[in-house]
Amino acid sequence: MICRTSLAGAIGYLVHRATGIKYIVESYEPHALYMLESKVWKKWDPRYWLERAFQALQNKTATFLLPVSSHYASFLEEQGVSKSKIMVVPCVVDHNLFVRKHTQEGRNALNISQDATVGIYVGKFDGLYYDREAFEIFALARKIFPKFKMIVLTPHPSEEITLKMTRAGFDEDEYIVKNVPYRDVPRYLSMSDFAFATYKPSPSKRFLSPIKVGEYWSCGLPVMLTKGVGDDADIIHASGCGSIFSFEDKDGAAGLHQIAMQLSDSNVREKQFALARQYRNVMLLEKAYHRIIHEFIG
């Protein structure tokens with residue numbers, strides 16, 4: 001059995017216990033810790049304890065575990081999981097879908113001038129993500145970049161986001177808020193210059209592999225990422241592509257100035273493409289399954 005995420009892995013464990021069928025768990029993350037640290041669940045919530053118990057059982061009985069970050073792989077080893085059953089496979093991206101193209105046409109369609117600097121955010125607010133603080137960093141970008149335009153793609157009601165953008169100081173013509181189908185997201189990424197990924201800090205965030213970061217890279221966007229998120233924060237810091245910041249350290253302006261310097265580099269897009277090819281390539285998943293299939297069936 002192939003189980004995707006630890007939630008599915010709980011079912012895989014029950015089937016394994018009843019039948020003896022071997023199972024693996026991919027996209028393996030400590031979901032219970034995420035929910036606890038983000039204050040979505042309380043420590044005495046039965047869901048928290050049940051999920052933690054099932055993960056402990058998966059650690060012992062799954063044939064392979066495929067965590068999405070090297071940080072979590074190291075944590076699992078510290079918990080006594082054999083290194084031989086751990087393979088790190090980050091959340092990979094379809095580079096045929098997430099490709100930068102038709103930038104000028106996209107901007108023209110939305111009346112965005114070609115000399116504007118466009119920032120984009122894709123996803124939800126609150127829960128695992130910052131809410132009020134995210135709009136504060138958007139507003140700071142408005143002050144730093146001339147002719148700044150902000151695109152927000154989110155499932156939240158547009159009226160709610162519009163109100164928050166107004167409170168952050170944006171004029172009506174300085175932002176675009178939309179809820180679009182997943183297949184249309186690359187078009188909006190392509191017309192943007194850089195992207196935001198604003199996760200709330202907590203110890204377990206180093207175990208993440210945000211799919212949006214890979215999608216941003218694949219469309220050539222430097223990422224402004226909050227500190228301590230997955231392997232990506234380490235990759236961005238080491239490569240000098242994008243910027244890492246912390247609301248607690250109040251270094252958002254410095255991070256945005258780093259982005260501004262990078263956007264002046266004629267090779268900025270290719271550097272992000274290279275990160276996507278190296279760290280979010282579907283071949284990483286294919287390599288892992290070659291090993292899994294070989295060990296299962298010889």
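The values are calculated or read from the model by the stated rules, or taken from the named source; none is laboratory data. Predicted, not measured: the structure shown is a model, and the values here were computed from it. Using ideal geometry, Cβ is built from the backbone for each residue, glycine included, and neighbour counts are taken over all protein chains shown. Keep in mind that these areas ignore ligands, DNA and RNA; they rest on the heavy atoms of the full protein, side chains included. Shrake-Rupley method; radii C 1.70, N 1.55, O 1.52, S 1.80 Å.
A few notes on this one:
- Residue 16 touching a residue at least 40 places away in the same chain (Cβ under 8 Å) and more than 26 Å from the chain's Cα centre (by Cα): yes
- Filter pass, residue 127 being open to solvent by less than 40 Å² (accessible area, probe 1.4 Å), within 25 Å of residue 160 (Cα to Cα), touching a helix residue (DSSP H, G or I) at 6+ places or on another chain (Cβ under 6 Å) and not hydrophobic (A, V, I, L, M, F, W, C): no
- Test: residue 200 is of a type outside the set (Val, Ile, Thr), buried (at least 18 other Cβ atoms within 10 Å of the Cβ) and touching a Ser or Thr at 6+ places or on another chain (Cβ under 7 Å): yes
- Any hit, the stretch 187-203, residues being acidic (Asp, Glu) and within 17 Å of residue 148 (Cβ to Cβ): yes
Results for (1) touching a residue at least 24 places away in the same chain (Cβ under 8 Å); (2) surrounded by fewer than 21 Cβ atoms within 10 Å (Cβ to Cβ), shown as yes or no for each residue.
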site: 162; (1), (2): no, yes
site: 169; (1), (2): yes, yes
site: 179; (1), (2): yes, yes
site: 192; (1), (2): yes, no
site: 211; (1), (2): yes, yes
site: 225; (1), (2): yes, no
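- Some residue of the stretch 78-88 being under 19 Å from residue 175 (Cα atoms), more than 15 Å from the chain's Cα centre (by Cα), modelled with pLDDT of 95 or more and among the hydrophobic types (A, V, I, L, M, F, W, C): no
- Number of the condition not met by residue 112 [criteria: (1) part of a loop (DSSP other than H, G, I, E, B); (2) under 30 Å from residue 70 (Cα atoms); (3) in contact (Cβ under 8 Å) with a residue 40 or more places away in the chain]: (2)
- Only one of 103, 63, 19 that is open to solvent by 30 Å² or more (accessible area, probe 1.4 Å) and either under 30 Å from residue 269 (Cα atoms) or among the basic types (Lys, Arg) (or both): 103
- Among residues of the stretch 181-190, those that are among the polar types (S, T, N, Q) and without any contact (Cβ under 8 Å) to a residue 40 or more places away in the chain, counted: 0
- Counting only helices (runs of 4 or more DSSP H) wholly contained in the stretch 128-214, the ones carrying 2 or more residues that are modelled with pLDDT of 95 or more and under 15 Å from residue 118 (Cα atoms) occupy 132-144, 185-190.
- Residue under evaluation residue 30, criteria (1) closer than 22 Å to residue 229 by Cβ; (2) in contact with a Leu (Cβ under 6 Å, 6 or more places away or on another chain), criterion not met: (2)
- Candidates are the residues of the stretch 259-298 that are free of Cβ contacts under 8 Å to residues at least 12 places away in the same chain and among the polar types (S, T, N, Q); the one that is surrounded by the most Cβ atoms within 10 Å (Cβ to Cβ) is 278.
- Residue that is surrounded by the fewest Cβ atoms within 10 Å (Cβ to Cβ), among those in the stretch 75-100 that are over 17 Å from residue 290 (Cβ atoms) and among the β-branched types (Val, Ile, Thr): 99
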